[in-house]
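Colleague: To start, I am sharing the structure in question, which I have written as structure tokens.
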Amino acid sequence: MPNKERITRLENQATQSRRDILRMVYAAQSGHPGGSLGCIDYMTALFSNVMRRSPKDFRMDGKDQDMFFLSNGHITPCLYSALARSGYFDIKELATFRKLDSRLQGHPSVHDHLPGIHVASGSLGQGLSVALGAAEAKKLNKDPYLVYVLAGDGELQEGQNWEAIMYAGAKKVDNLILTVDYNLKQIDGPIDKVLDLGDLAGKFRAFDWHVLEGNGNNMEELLDVLSQAKAACGKGKPVVFLMRTEMGYGVDFMMGTHKWHGTPPNEEQFNMAIAQIKETLGDY
Amino acid sequence: MEKIQYTELKECRAGFGEGLLEAGKQNEDIVALCADLTASVKMDAFAKAFPERFFQIGIAEANMIGMAAGFALSGKIPFVGSFANFCTTRVLDQIRMVVAYSNNNVKICGSHAGVTTGEDGATHQVMEDIGFIKGLPNMVVINPCDFNQTKAATLAIANYKGPVYLRFGRPKMPNFTPENQQFEIGKAVVLKEGKDISIFATGHLVYPALEAAYMLHDKGIAAEVINIHTIKPLDNKAVLDSVMKTKCVVTAEEHLLNGGLGDSVAQLLVRNYPVPQEYVAMEDRFGISGKPEEVLSYFGLDKEHIFNASLKAIQRKK
């Protein structure tokens with residue numbers, strides 16, 4: 001597919017997923033819309049274009065396919081919509097989000113065998129460690145595929161991440177691409193007011209990582225950085241993509257604030273929000 | 001009466017080390033992860049034999065548990081080794097989410113468990129771990145009693161699919177169970193039969209329980225001694241069968257009274273067949289430095305206390 005056409009297709013899918021996210025969180029009257037709206041472009045690109053894995057062939061053990069781990073487990077509306085819209089399961093199932101007996105638990109679970117999920121997450125700071133184990137297993141198996149991880153930026157305040165970041169650099173785990181959702185916001189407010197991350201790129205470089213930066217809400221730029229990230233693998237350094245995003249991206253009143261981290265919209269807010277996002281592929 | 005006697009003093013941790021090496025030879029999916037305690041927890045033989053399958057994580061137990069989960073979900077069988085407190089209480093939330101809830105085939109192997117870590121003192125003498133780990137759904141909790149049994153348990157958990165906590169001690173202790181025994185997870189072992197009292201013991205207190213039973217024998221009391229090497233899942237049938245015969249119980253363990261084997265037995269009995277029960281366990285406090293045997297006696301974790309607790313339980317039947 002020509003580049004431009006591919007970008008348009010992915011943008012349309014991400015737009016539809018933004019509707020899914022709002023509708024899921026509104027229907028459940030709980031969940032995390034802010035980070036989900038910010039990360040959906042990345043998640044769409046990953047599952048529908050970047051990863052070398054066919055949705056129908058998802059393997060729990062990830063053998064001979066790329067794997068993905070979500071460390072900031074609270075953005076399940078984003079994860080579930082991207083998985084469903086990429087063909088991992090029927091989009092109708094999105095209507096069960098956070099309801100009793102659903103496979104779409106509030107935070108990711110393997111308990112119910114939802115395709116696309118390898119491990120539970122939600123207690124923050126753990127996804128990178130699990131991904132490192134999977135990446136080392138791939139190296140043992142001489143499996144050339146890659147391991148992708150998404151972590152929140154606030155989550156980097158968890159010390160376990162820095163154990164993992166130190167390990168990955170020192171042991172040259174170069175078949176792994178960590179993306180940081182660099183939206184500079186967390187539950188209690190702006191990151192620099194809560195606990196500033198300082199020179200994040202410099203910190204990763206000091207731990208011997210290959211650092212890339214870019215805009216995570218621009219599909220063309222995203223695809224470009226992710227292909228640079230792929231190309232940087234296998235060269236003795238783990239790769240991190242510091243992905244600038246806007247929390248709440250696509251809904252004007254949800255942007256520029258941390259207030260929509262874990263709050264569902266009421267009816268009036270939902271109507272205002274959904275009117276701003278075109279139905280491109282049909283609602284679930 | 002034929003008495004079971006120990007042949008020599010050996011370390012449970014050494015049994016783990018031998019078992020891990022043998023398991024590694026049998027199955028190349030086994031990997032081992034250690035957080036800078038390789039020789040202490042006896043993973044060095046495995047590390048030397050299979051350097052490509054041994055992962056030195058550094059002093060970073062949280063990352064180690066997460067990585068073990070990653071290995072497990074990828075089809076490997078990770079054995080995680082550390083001191084028992086550093087691979088349980090220190091990383092409880094990691095175990096909860098990525099091992100237990102995610103039902104990953106991780107073997108958490110905690111050496112230096114209990115007050116028999118001795119001179120290192122309370123910071124290293126974990127006495128709460130069984131309670132914490134058995135409280136997590138999906139977890140199996142095993143506390144073998146000697147070198148031979150620790151080796152057998154290590155081999156057995158390698159062949160079991162699911163998360164396991166294997167808990168064992170550091171010092172040389174009586175080695176009295178059979179060499180090359182078959183270890184069946186969740187299956188209690190009757191060491192001595194008796195009709196007057198059931199003594200359920202685990203870990204380092206199994207041998208003193210036997211000694212106490214022989215002391216009781218000299219008083220004309222027939223004690224039944226059962227080795228509960230698997231605390232979860234508890235062998236309910238073995239416990240109930242014994243108690244229906246003896247009508248009173250002593251539990252003995254190198255663990256806090258809260259959350260240990262005694263609590264598991266009490267929970268089973270109170271719901272099915274309530275009888276008088278005495279605990280030989282540590283009260284609600286932390287340990288102290290001293291030689292292993294000294295510290296065990298200081299906290300009443302020895303044959304004399306099991307003997308006295310047995311008399312008391314029998315008294316309460318009347």
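Colleague: Which whole-number percent of Cα pairs in the protein assembly as shown have a distance greater than 41 Å?
Modeller: 34 percent
Colleague: Mind grabbing the interface size between B and A? I mean buried accessible area, both sides, 1.4 Å probe, in Å² to the nearest hundred.
Modeller: Using a 1.4 Å probe, the pair buries roughly 2200 Å².
Colleague: Where both residues lie in chain B, what percent of DSSP beta bridges are antiparallel, nearest 5?
Modeller: The answer is about 20 percent antiparallel.
Colleague: Students often check this: by mean Cβ neighbours within 10 Å, which of A:180-189, B:137-146 ranks highest, and how do the rest follow?
Modeller: Most protected by this proxy first, the peptides run B:137-146, A:180-189.
Colleague: Pull out a ≥ b ≥ c, the square roots of the eigenvalues of the alpha-carbon gyration tensor of region B:206-318, then state rounded if a/c is under 1.5, prolate if not and a/b is larger than b/c, and oblate in the remaining case.
Modeller: Taking the square roots of the gyration eigenvalues as a ≥ b ≥ c, region B:206-318 is oblate.
Colleague: Kindly rank A:153-159, A:31-37 from highest to lowest mean number of other beta carbons found within 10 Å of each residue.
Modeller: A:31-37, A:153-159
Colleague: Moving on. How much net charge surrounds A:Asp283 when only the other residues with a Cβ under 13 Å from the Cβ of A:Asp283 are counted, with Lys and Arg +1 and Asp and Glu -1?
Modeller: That works out to +4.
Colleague: Could you check the spin-label model distance between B:Phe286 and A:Asp57? Points 7 Å from the Cα along Cα→Cβ, value in nm.
Modeller: Calculated label separation equals 5.5 nm.
Colleague: Can I ask one more? In whole Å, how far is the Cα centre of region B:292-318 from that of region B:161-209?
Modeller: Here the answer is 18 Å between Cα centres.
Colleague: Treating only the Cβ of Lys, Arg, Asp and Glu as charged (+1, +1, -1, -1), what charge dipole size does region B:189-316 show about its Cα centre? Round to the nearest 20 debye.
Modeller: Magnitude of the dipole: close to 440 debye.
Colleague: Let me ask another. Filter the cross-link list B:Lys192/B:Lys247; B:Lys134/B:Lys237; B:Lys172/B:Lys245 down to pairs whose alpha-carbon distance in this structure exceeds 26 Å.
Modeller: In this structure, B:Lys172/B:Lys245 exceed 26 Å between Cα atoms.
Colleague: Past the 18 Å Cα-Cα mark, which pairs from B:Lys42/B:Lys107; A:Lys63/A:Lys171; B:Lys3/B:Lys219; A:Lys4/A:Lys92; A:Lys230/B:Lys76?
Modeller: The answer is A:Lys63/A:Lys171; A:Lys4/A:Lys92; A:Lys230/B:Lys76.
Colleague: For the protein assembly as shown, give the magnitude of the charge dipole about the Cα centre (Cβ charges: +1 Lys/Arg, -1 Asp/Glu; no others), in debye to the nearest 20.
Modeller: So the magnitude is around 1040 debye.
Colleague: Quick one: work out the % antiparallel among DSSP beta bridges in region A:3-274, nearest 5.
Modeller: 10 percent
Colleague: Can you give the % of DSSP beta bridges in the protein assembly as shown that are antiparallel, to the nearest 5?
Modeller: Approximately 15 percent, going by the DSSP bridge assignments.
Colleague: Could you name every residue in region B:56-70 that has 10 Å² or more less accessible surface in the full protein assembly than in its own chain alone (probe 1.4 Å, ligands and nucleic acids excluded)?
Modeller: By number: B:Gln56, B:Ile57, B:Ala60, B:Ala62, B:Asn63, B:Gly66, B:Met67, B:Gly70.
Colleague: What is the helix-to-structure angle for B:12-26, meaning the angle in degrees between its Cα long axis and the longest Cα principal axis of chain B, kept from 0 to 90 and rounded to the nearest 10?
Modeller: 50 degrees
Colleague: Can you compute the FRET efficiency between A:Glu279 and A:Lys193 using 1/(1 + (r/R0)^6), with r the Cβ-Cβ distance and R0 = 30 Å? Round to the nearest 0.05.
Modeller: Here the calculated transfer efficiency is 0.20.
Colleague: Moving on to the next point. Does anyone have the angle between helix B:303-317 and the longest principal axis of chain B? Alpha-carbon axes, 0 to 90°, nearest 10?
Modeller: 50 degrees
Colleague: Please enumerate, by chain and number, the aspartates and glutamates with C-alpha under 15 Å from the C-alpha of A:Lys237, excluding those fewer than 8 residues away in the same chain.
Modeller: Of all the aspartates and glutamates, those that pass the test against A:Lys237 - Cα under 15 Å, at least 8 places apart if same chain - are A:Glu136, A:Asp174, A:Asp208.
Colleague: Shifting gears a bit: How much FRET efficiency would the formula 1/(1 + (r/R0)^6) give for A:Asp90 and B:Asp93, where r is the Cβ-Cβ distance and R0 is 35 Å, rounded to 0.05?
Modeller: 0.55
Colleague: Hey, how many Å between the Cα centroid of region A:169-186 and the Cα centroid of region B:218-260?
Modeller: Each part reduced to its Cα centre gives a spacing of 51 Å.
Colleague: With every protein chain left in place, what is the accessible area per residue of region B:53-204 in square angstrom, probe 1.4 Å?
Modeller: In whole numbers, region B:53-204 has 28 Å² accessible per residue.
Colleague: Something else now. Taking a cut-off of 13 Å between Cα atoms, list the aspartates and glutamates near B:Lys151, but don't count ones fewer than 8 places away on the same chain.
Modeller: B:Glu11, B:Glu18, B:Glu22, B:Glu179, B:Glu184
Colleague: List the residues of region A:154-173 that lose 40 Å² or more of accessible area once all protein chains are present, compared with their chain alone (1.4 Å probe, heavy atoms only, no ligands or nucleic acids).
Modeller: Residues losing area: A:Gln160, A:Glu163, A:Tyr167.
Colleague: How far is helix A:127-140 tilted off the main Cα axis of chain A, in degrees rounded to 10, range 0 to 90?
Modeller: The two axes meet at around 50 degrees.
Colleague: Could you run the Debye sum over the Cα atoms of region B:8-175, one equal point scatterer each and no solvent, and tell me log10 of I(q)/I(0) at q = 0.10, 0.14 Å⁻¹, two decimals?
Modeller: The Debye formula, applied to the Cα set alone, gives -0.30, -0.61.
Colleague: Taking +1 at the Cβ of each Lys and Arg and -1 at the Cβ of each Asp and Glu, which of B:Asn85, B:Ala14, B:Pro163 sits farthest along the dipole of chain B towards its positive end, judged by Cα position relative to the Cα centre?
Modeller: The Cα lying farthest towards the positive end belongs to B:Pro163.
Colleague: Right, something else. Kindly give the semi-axes, whole Å and largest first, of the ellipsoid equivalent to region B:25-81, taking each as the square root of 5 times a Cα gyration tensor eigenvalue.
Modeller: Sorted largest first and rounded, they come to 16, 16, 7 Å.
Colleague: Ok, one more. To the nearest 20 debye, what is the magnitude of the charge dipole of chain A about its Cα centre, counting +1 on the Cβ of each Lys and Arg and -1 on the Cβ of each Asp and Glu?
Modeller: Here chain A has a charge dipole of around 720 debye.
Colleague: Name the residue from A:Ser36, A:Tyr148, A:Thr96 whose Cα lies farthest towards the positive end of the charge dipole of region A:1-159, charges +1 on Cβ of Lys and Arg and -1 on Cβ of Asp and Glu.
Modeller: After comparing all options, I get A:Thr96.
Colleague: If one computes P(r) from the Cα atoms of chain A, what percent of pairs lie at distances over 31 Å?
Modeller: Here the tail beyond 31 Å accounts for 21 percent of pairs.
The values are calculated or read from the model by the stated rules, or taken from the named source; none is laboratory data. Nothing here was measured: the structure is a model prediction, and the numbers come from that model. Virtual Cβ from ideal backbone geometry, glycine too; neighbours counted across all protein chains shown. Only protein heavy atoms, including side chains, enter the accessible area calculation; ligands, DNA and RNA are left aside. Shrake-Rupley method; radii C 1.70, N 1.55, O 1.52, S 1.80 Å.
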